[in-house]
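Okay, structure first, notes after.
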Amino acid sequence: MSHSTVPSPPVTSGPARRHGLPALATAAAVALGALGLAAAPAVAETPAGTDRPIRFHHQRLDWHGCKTGPDDRAGASLDAAGAQCAEVTVPLDYRRPGGRTISVAISRIKATDPAGRRGVLLTNPGGPGGPGLDLVASLAQWSPALTSRYDLIGMDPRFTGRSTPIRCGWKTDVFLRSAGPNRRTFNESAALMKELAAKCARGNRDVLPYASTRNTARDMDVIRAALGEPKLSYLGYSYGTYLGAVYTQMFGARADRIVLDSAVNPDTYGPGLLSWNEPAITAALRNWAAWAAAHDKDHGLGDTTTEVLATVNQVNRAAARRPLRIGGYRIDSHHIPYLLFGPLYEDGEKAYADFATQVRALADATRGTVVTAPPSLKASLDSLFTGTGALDAQAPIICADRAASRDPETYFRDIQAHRADEPLYGPLIRNITPCAFWPTAPVEAPTKVRNGFPVLVVGNDGDPGSPYLGQQAMHRALTGSRMVTLRGAYRHATYLGADNSCVNTTVERYLIDGVLPGGDVTCVKDATPAG
């Protein structure tokens with residue numbers, strides 16, 4: 001799931017602060033994972049026919065301003081940063097390059113040191129389904145060193161943002177829901193997933209098979225060629241790490257310096273990715289609870305870690321008995337675990353204080369108190385119940401990448417088997433998804449990520465969205481990679497997001513100077529690289 005953060009939390013925690021890098025992969029990242037049962041193992045395949053030059057490589061790009069209207073905040077931020085935007089034409093189906101085409105929107109901030117320019121750096125904030133045009137504006141602000149050496153390239157991946165968007169007509173920004181405490185509530189969530197899948201099929205069935213990550217990787221290579229570049233450097237967060245890894249499998253000869261931050265497990269990426277996250281989420285929750293206990297005078301959630309966790313569990317149990325009322329919303333057992341997940345994508349003082357304020361409001365609602373939702377909680381509730389479909393492409397991408405079990409019983413049995421040891425988050429991360437009812441099957445087998453490409457994998461050992469075991473799996477799969485680990489952090493998005501000088505220096509030495517560490521690197525807060 002992972003990274004940029006990006007659109008709204010759970011789909012981060014609240015509707016993510018779009019690409020304010022410290023919060024980078026929050027939202028999309030959460031949604032990124034989706035739930036459900038893991039599908040069959042990835043199958044190795046040869047990208048026959050995908051690597052040959054095609055007419056799209058030689059198209060002329062028409063660069064223009066990025067703002068599309070008075071309410072276009074992302075476009076305004078890009079214009080303010082000196083960016084330009086353009087549209088790249090790509091095939092809908094790369095097996096039929098002479099057929100229907102679609103448009104992929106890109107942005108560019110040119111290198112500030114033309115004499116020292118070394119190429120382009122394409123970026124992706126995560127998701128899947130998260131637009132990424134404006135990520136470059138944040139990167140330019142947070143890392144002038146990158147901006148001096150690279151043309152920074154943002155992209156709304158196919159069917160997201162401005163790139164021939166899929167509209168599912170959902171009144172929610174994320175499909176992530178908990179199965180709740182029993183069979184009845186599981187059936188409710190299954191019915192919702194079936195309804196969401198049916199809505200997305202209306203008017204989109206002809207394009208859904210082509211929403212895959214492999215096709216986005218092909219789009220990336222068209223972008224590379226249209227920019228006139230022999231090679232492509234890349235920075236991807238969360239789901240963007242899977243996209244980057246797939247690119248190295250399909251177009252390794254054209255890949256340059258590749259950084260994968262908050263890496264997902266490439267062997268389990270798909271509808272069931274989050275089903276492995278419970279230990280990491282619970283550890284992040286406990287870390288926050290310890291902080292909240294130390295600040296009990298400010299938030300009143302308990303003066304020990306155990307008491308704070310008891311308050312959280314009380315909220316979950318109360319919502320299972322009777323929906324909580326906050327503002328005009330009724331919040332039940334389908335929603336509470338979701339609301340208690342997204343805020344954990346950040347671990348700073350401000351983020352932890354904000355999460356404590358949200359939990360305080362939820363706890364007050366269990367007593368029937370009239371509660372005014374704090375801004376971040378209101379944003380999450382608005383996204384959950386009345387969203388505009390900002391991440392409508394998320395399910396199409398996940399479902400196009402890997403098939404999911406279509407038998408609801410497999411999900412219910414899995415939830416029940418783990419209910420005792422995963423009472424809070426298990427019914428959320430193991431629940432059925434729209435992919436169980438998807439109208440189309442994947443056109444291609446999942447990508448087998450296995451090669452020696454020398455990428456830099458970046459992460460931290462407490463990441464709740466992309467657990468450390470999955471990050472290590474990506475590191476092992478890319479046998480030529482090096483890994484930079486920030487110890488003791490509990491967040492999603494480490495480079496720039498964690499504001500750690502050791503991590504930032506190591507990443508930029510690689511991207512700017514080409515120095516891939518001789519071995520894996522371990523960082524701690526305010527420390528210099530070790531290892």
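For the chain, with the dipole built from +1 on Lys and Arg beta-carbon atoms and -1 on Asp and Glu ones, taken about the Cα centre, which of G98, G348, A436 lies farthest toward the positive end? The Cα lying farthest towards the positive end belongs to G98.
Using a 1.4 angstrom probe on heavy atoms only, work out the carbon and sulfur share of the accessible area of the stretch 389-444 in %.
Taking all protein chains in place, the stretch 389-444 shows 56 percent carbon and sulfur surface.
Its Cα centre serving as origin, the stretch 455-531 has a Cβ charge dipole (Lys and Arg +1, Asp and Glu -1) of approximately 140 debye.
Suppose only helical runs count, i.e. DSSP H with n ≥ 4. What mean residue ellipticity at 222 nm does that imply for the chain under -39500 (n - 2.57) per run, divided by all residues and rounded to the nearest 500 deg cm²/dmol?
The per-residue figure over the chain is -11000 deg cm²/dmol.
Working note: Karplus 6.51/-1.76/1.60 with θ = phi - 60° gives the stretch 273-283 the couplings 4, 6, 5, 9, 8, 4, x, 6, 5, 5, 5 Hz, where Gly and Pro are set to x. For the chain, a crude dipole built from +1 on the beta carbon of Lys and Arg and -1 on the beta carbon of Asp and Glu, taken about the Cα centre, is about 1080 debye to the nearest 20.
Name the lysines eligible as straight-distance cross-link partners of K194: C-alpha to C-alpha under 16 Å, and not fewer than 8 places from it in the same chain. Within reach: K171. The residue among A140, G180, N124 whose Cα reaches farthest toward the positive pole of the charge dipole of the stretch 92-192, with charges on the beta-carbon of Lys, Arg, Asp and Glu, is G180.
Between the stretch 425-495 and the stretch 265-311, how far is it from one alpha carbon centroid to the other, in angstrom? If we compute the Cα centre of each part, the gap is 20 Å. Note on the chain: antiparallel DSSP beta bridges, both residues inside, total approximately 40 percent of the bridges counted. Counting only residues at least eight positions apart within a chain, or on another chain, the lysines with an alpha carbon under 28 Å from that of K448 are K231.
The values are calculated or read from the model by the stated rules, or taken from the named source; none is laboratory data. Note that this is a predicted model, so its numbers are computed, not measured. Cβ coordinates were reconstructed from backbone atoms using ideal geometry, including for glycine residues, and neighbour counts include every protein chain displayed. Just the protein is used for accessible areas: all its heavy atoms, side chains included, with ligands, DNA and RNA removed. Shrake-Rupley method; radii C 1.70, N 1.55, O 1.52, S 1.80 Å.
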